[in-house]
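This report refers to the structure that appears directly beneath it.
The values are calculated or read from the model by the stated rules, or taken from the named source; none is laboratory data. This structure is a prediction, so every number in the text was calculated from the model and none was measured. Note that we place each Cβ from the backbone using ideal geometry, even for glycine, and neighbour counts take in every protein chain shown. All accessible areas refer to the heavy atoms of the entire protein, side chains included, with ligands and DNA or RNA removed. Shrake-Rupley method; radii C 1.70, N 1.55, O 1.52, S 1.80 Å.
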Amino acid sequence: QVQVAESGGGLVQAGGSLRLSCAASRNTFVFNVMGWYRQAPGKQRELVATITRNGSTNYADSVKGRFTISRVTNKNTVYLQMNNVKSEDTAVYYCNCNHWPVVTINYWGQGTQVTVSS
């Protein structure tokens, strides 16, 4: 059983910073891809950023230049450094672990709430 746990969410003022953390309990292998997704009220879940085990990153256009994803080398631990947050960043942030191209391996955390006040 794989447990995915996020932490670091909370209330932050616009323009401030926040750091999210995610760790997956599985130790048999390192997931190829870990990432962050978010879902705001009334909106669909969207990709925020992903990172491969080799360090290749991908960001949504809306967060480029403001957010940075990173992970511990050869570990199932990932972070999201959120800088210069905006009100539109308010959402539940979910950690995802998958092993692309093995589509049957896909895990999600329970989510952590990020609220940006203005």
Original post:
How do 17-24, 92-99, 56-63 rank on mean C-beta neighbours within 10 Å, highest first?
Top reply: 92-99, 17-24, 56-63
Subject >> Cross-link partners of Lys64 among lysines (Cα-Cα below 17 Å; sequence separation of 8 or more within a chain) >> reply: Lys86
Original post:
Residue separation times 0.36 nm, minus the C-alpha to C-alpha distance between Phe29 and Gln13: what's the value?
Top reply: 2.0 nm
Original post:
Around Tyr94, with a cut-off of 11 angstrom between Cβ atoms, what is the net charge of the other residues, counting Lys and Arg +1 and Asp and Glu -1?
Top reply: 0
Original post:
Which percentage, to the nearest 5, of the DSSP beta bridges contained in the chain is antiparallel?
Top reply: 90
Original post:
With charges only on Cβ, +1 for K and R and -1 for D and E, what is the dipole size of region 26-117 about its Cα centre, in debye, rounded to 20?
Top reply: 180
Original post:
In sequence order, what are the phi-derived ³J(HN,Hα) couplings for region 56-68 according to the Karplus relation 6.51 cos²θ - 1.76 cosθ + 1.60 with θ = phi - 60°, rounded to whole Hz, with x for glycine and proline?
Top reply: 6, 10, 9, 10, 5, 4, 5, 10, 4, x, 10, 10, 9
**OP:** Among Val85, Val48, Ser25, pick out the residue whose Cα is farthest towards the positive end of the charge dipole of the chain, where Lys and Arg carry +1 and Asp and Glu carry -1 on C-beta, about the Cα centre.
**Re:** Ser25
**OP:** Counting only heavy atoms of the protein chains, get the accessible area per residue of the chain (1.4 Å probe) and round it to a whole Å² value.
**Re:** 54
